[in-house]
Amino acid sequence: MPSMKTIYFHIKGLVQGVGFRPFVYRIALRYNMKGWVDNRNDGVHITVTDEYGKIQSFIKDIRLEAPMASKIVSIDEKVLNTELFNDFKIVKSKDISNEITEISPDICVCDECLADMKIQPNRLSYPFINCTNCGPRFTIIQDLPYDREKTTMKSFVMCESCKSEYTSILDRRFHAQPIACSVCGPEYTLYFEDKIEQNFEKIISITSNLIDNGKIVGIKGIGGFFIACDAKNNNAVSELRNRKHREGKPLAVMFRDIESAQQFVEISDIEKTSLLSWQRPIVLLKIKDNLAEKVANGLKTIGSLLPYMPFHYLLFDKLKTPAIVLTSGNVSDDPIITDNQTALEKLSGICDAIVTYNREIYNRTDDSVITFFNKEEKILRRSRGYVPSPINLNMSVDGIIATGAELVNCFCVGKNNQAFMSQHIGDLKNIETLNFYEESLERFKKLFRISPNYIVSDLHPDYLSTKYAINTGLKHIRVQHHHAHIASCMAEHNLDEKVIGVSFDGTGLGDDGNSWGSEFFVCDLLDYKRYTHFEYLPLPGGDKTSKESYRMGISYLYKTFGKDFTKLEIPFVKNLDKEKTKLILLAIDKKINVPLSSSSGRLFDAVAAIINLCTLSTFQAEAPMRLEAIIEQNSNEKYEYSFNDTISFNETIKGIVTDLINGVSTSIISAKFHNTIIDVILEVVSKISIEYKLNKVALSGGTFQNRYLTENLMNKLSSKKFDVYTQSKIPMNDGGIALGQLVIAAKKIKT
Ligand code: ZN
Ligand code: ZN
Ligand code: FE
């Protein structure tokens with residue numbers, strides 16, 4: 001008889017809340033393996049006794065067949081004293097703190113379920129099919145432990161057939177909490193022309209007909225409602241924009257499958273992997289053509305995604321068009337609508353028909369958005385598929401709540417060494433969004449069993465997140481906006497030391513009372529020294545400047561040329577309203593409502609205005625996005641600037657105006673401007689590096705969402721042997737601020 005060995009395995013990675021233990025159990029039965037599997041905070045633990053070779057095949061299968069939403073990072077192996085077991089057991093976890101990590105994000109429908117949808121009699125074309133490896137999770141969870149009774153599936157009583165699958169450990173649907181079939185599960189309803197349709201086959205055929213005929217349809221998704229129309233039909237897309245009052249911002253497009261997507265957008269291998277990942281994010285991709293012009297409105301990339309709900313697959317089976325616009329179902333800046341009644345009330349003015357279903361969405365999520373810089377995935381909006389996966393830190397952040405910023409808000413709660421970032425919340429100045437914020441924060445506290453001792457906010461006294469923090473009455477810590485950006489980047493990379501921090505964005509209150517946004521820091525998690533920044537410029541009209549970029553154009557031209565700028569022979573100046581300009585100059589001179597700002601975002605706005613590319617923005621960051629979109633990629637030219645105590649762009653602005661007068665193309669001007677900014681950062685970072693003997697550079701802030709800027713900067717810094725850190729898992733925009741606030745607060749509390 002071959003010798004028996006007892007081997008212990010410790011599997012680390014994303015192995016919680018994804019049905020890993022029953023999966024291990026099934027593989028163990030395949031090999032007739034004896035022992036046990038257990039799931040703790042630090043991963044999955046397995047002990048088995050058998051022949052060594054057989055154990056190796058067993059563990060190899062675990063690696064190869066692991067559930068879609070799991071990710072094995074490492075498997076440690078240890079030989080124990082031989083111990084004989086009678087059977088293979090799942091050890092029930094008693095540790096309540098264990099459960100907190102077990103909330104999985106929502107997972108796209110899996111291939112096996114798609115196959116079942118064609119053959120299982122009780123699930124033929126059944127749009128709520130799911131299994132242990134796929135289906136809704138976070139969006140339906142009301143409380144823990146994760147059990148059907150504590151999800152919005154509780155009102156659906158399992159039929160006998162579902163129940164037997166649910167209770168059979170060898171079944172693919174063992175303990176699949178949202179398990180359902182056409183006999184017992186949720187159902188779709190279509191509202192169209194005062195009629196209500198509940199026959200699913202008819203719902204699909206009417207919906208697909210409407211879309212193919214240029215109509216607009218509201219469709220309930222996994223985390224909220226969406227609005228769909230044919231992405232190849234310019235009239236339909238225009239109509240959608242009109243009805244939704246969404247003039248400029250590019251719309252996301254869902255393609256039938258990867259092959260269809262390839263006809264419309266360029267897809268590299270890594271982008272393809274992300275498109276097909278179980279998170280099914282929106283991926284920003286370069287447009288080839290064939291889409292309705294109104295979809296991207298002149299920008300060169302488009303948010304693209306693939307079907308993730310059974311409904312999407314069934315719809316595309318019937319649709320003629322391989323591409324549909326799929327945009328958030330909301331009115332103006334409100335959060336995406338989640339409940340049926342509100343959808344019927346508020347979306348009926350936009351949509352020709354509305355498709356709902358009778359399972360409640362408890363936690364709202366939007367589609368997540370990612371892009372690639374230098375082949376690295378960067379998340380820009382973190383929501384469906386990613387939330388509430390924790391960020392693992394190497395320090396305790398227990399009992400701290402970070403309230404985030406304002407415009408692109410996410411909050412973050414700390415439990416032990418883990419940070420739980422909320423889903424994308426939005427602009428808190430909107431009352432509906434603020435309600436969503438407060439509600440979600442309460443839910444996160446309850447869900448993750450947080451009893452907060454500290455609350456941390458931005459410095460800005462007017463941010464509603466700051467006011468929220470004050471109102472809790474908890475011990476309150478305030479963190480400077482750009483320090484939080486850099487700390488967020490550091491936390492993602494588990495850096496806890498002095499670094500060079502470069503934080504560029506649109507705005508954030510500085511500790512001198514001015515608006516910052518081009519900060520070079522020497523900093524660690526506790527504190528920062530502001531080394532230098534762009535020269536302060538007046539923001540005529542204050543907050544108005546972020547939408548009315550011509551105001552920044554005037555401010556920069558006035559600073560560079562004085563009053564004479566009005567005589568410049570360039571289209572931007574010639575088109576200016578003389579009266580308005582006079583008032584703006586007067587306001588600057590008299591310092592009436594003209595806060596000072598070192599914002600890099602506002603400089604990009606100014607340049608976009610001066611070259612007459614974008615003088616008014618219809619959505620956030622439109623001017624910098626348009627400026628980036630026109631870049632001539634193959635130009636190495638740049639402009640002059642000066643760097644003394646601060647960085648001045650007088651020479652840059654002069655250069656741009658001269659180029660304009662000489663008829664240089666705006667594409668070249670844009671390239672030269674971007675190259676100048678890259679040069680500035682290189683020069684300053686090199687200088688700090690020598691002075692402080694630092695080699696690690698952390699880049700964060702919304703300005704770095706500019707692909708040309710960040711890719712070229714990263715390459716140039718790397719070639720100068722700097723260690724460059726940028727954010728991938730957490731947004732580099734204000735959506736990532738809360739994580740930085742959290743770790744800074746943790747440091748401050750400890751000292
Ligand atoms: Zn499945
Ligand atoms: Zn059933
Ligand atoms: Fe910011």
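Things to note:
- Taking the protein heavy atoms of the chain in the context of the full set of protein chains, the accessible area attributed to carbon and sulfur is 48 percent at 1.4 Å.
- Summing charges over neighbours of Ser635, with a neighbour being any other residue whose Cβ is under 12 Å away from its Cβ, gives -1 when K and R count +1 and D and E count -1.
- Cα gyration tensor, region 537-679 - rounded (a/c under 1.5), prolate or oblate: rounded
- Centroid-to-centroid, using Cα positions, region 527-581 and region 434-492 are 34 Å apart.
- Charge dipole (Cα centre; +1 on Lys/Arg Cβ, -1 on Asp/Glu Cβ; no other charges) of the chain amounts to roughly 480 debye.
- Where region 216-326 is the region considered: accessible area per residue in Å², 1.4 Å probe: 36
- Helix 666-692 vs. the chain, principal-axis angle (Cα, 0 to 90°, nearest 10): 80
- Length gained when the stretch Asn494-Asn86 is fully extended (0.36 nm per residue, less Cα-Cα span): 142.5 nm
- Listed values for region 52-58 are Karplus-derived 3J(HN,Hα) couplings in whole Hz (6.51 cos²θ - 1.76 cosθ + 1.60, θ = phi - 60°), namely 4, x, 5, 4, 5, 5, 4, and x replaces Gly and Pro.
- Within the chain, antiparallel bridges make up roughly 75 percent of the DSSP beta bridges whose residues both belong there.
- Measuring r between the beta carbons of Asp289 and Glu51 and using R0 = 60 Å, the FRET efficiency lands at 0.50.
- Residue-normalised accessible area of region 537-679, expressed per residue, 1.4 Å probe, Å²: 45
- Remark: for residue pairs Lys544/Lys591; Lys429/Lys475; Lys34/Lys60; Lys446/Lys729, the C-alpha separation exceeds 19 Å in Lys429/Lys475; Lys446/Lys729.
- Accessible area per residue, Å², region 4-94 with all protein chains present, probe 1.4 Å: 51
- Residues whose amide H comes within less than 5 Å of that of Gly224, counting only those at least five positions distant or on another chain, are Thr365 (H built at 1.01 Å from N in the peptide plane).
- Gyration tensor (alpha-carbon) shape descriptor, region 372-499, a/c threshold 1.5: rounded
- Exposure rule at most 10 other beta-carbon atoms within 10 Å, DSSP loop GluC sites (Glu not before Pro): the chain longest free segment: 194-496
- In this simple spin-label approximation, Lys5 and Ile196 carry label points 7 Å from Cα along the Cα→Cβ vector, and these lie 6.5 nm apart.
- Alpha-carbon centroid distance for the pair region 681-727 / region 501-522, whole angstrom: 16
- Global form of region 236-295, assessed from the alpha-carbon gyration tensor, a/c cut-off 1.5: prolate
- Average Cα contact separation per residue, region 188-357, under 8 Å, 6 or more apart, as relative contact order %: 36
- Helix 431-447 vs. the chain, principal-axis angle (Cα, 0 to 90°, nearest 10): 40
- The Thr646 and Thr273 beta-carbon pair, evaluated with R₀ = 51 Å, returns a calculated FRET efficiency of approximately 0.75.
- Violating pairs (Cα-Cα greater than 31 angstrom) within the set Lys71/Lys150; Lys220/Lys294; Lys300/Lys590; Lys163/Lys415; Lys54/Lys154: Lys300/Lys590; Lys163/Lys415; Lys54/Lys154
- Dipole magnitude of region 188-357, debye to nearest 20 (Cβ charges: Lys/Arg +1, Asp/Glu -1, about Cα centre): 240
- Cβ-Cβ FRET estimate between Lys375 and Ser396, R0 fixed at 35 Å, reported to 0.05: 0.55
- Based on the Stokes-Einstein relation at 25 °C and a viscosity of 0.890 mPa s, and on the Kirkwood radius from alpha carbon pairs, the chain is assigned a translational diffusion coefficient of 89 µm²/s.
- The angle between the Cα long axis of helix 20-30 and the main principal axis of the chain comes to about 40°, on a 0 to 90 degree scale.
- What the Cα atoms of region 285-409 give is an Rg and a Dmax of 18.0, 53 Å.
- Multiplying the residue separation of Leu64 and Ile668 by 0.36 nm and removing their Cα-Cα distance gives an extension gain of 212.4 nm.
The values are calculated or read from the model by the stated rules, or taken from the named source; none is laboratory data. What you see is a predicted model; the values in this text were computed from it and never measured. Every residue, glycine among them, receives a Cβ derived from its backbone with ideal geometry; neighbour counts consider all protein chains shown. Accessible surface areas use protein heavy atoms only, side chains included; no ligands, DNA or RNA. Shrake-Rupley method; radii C 1.70, N 1.55, O 1.52, S 1.80 Å.
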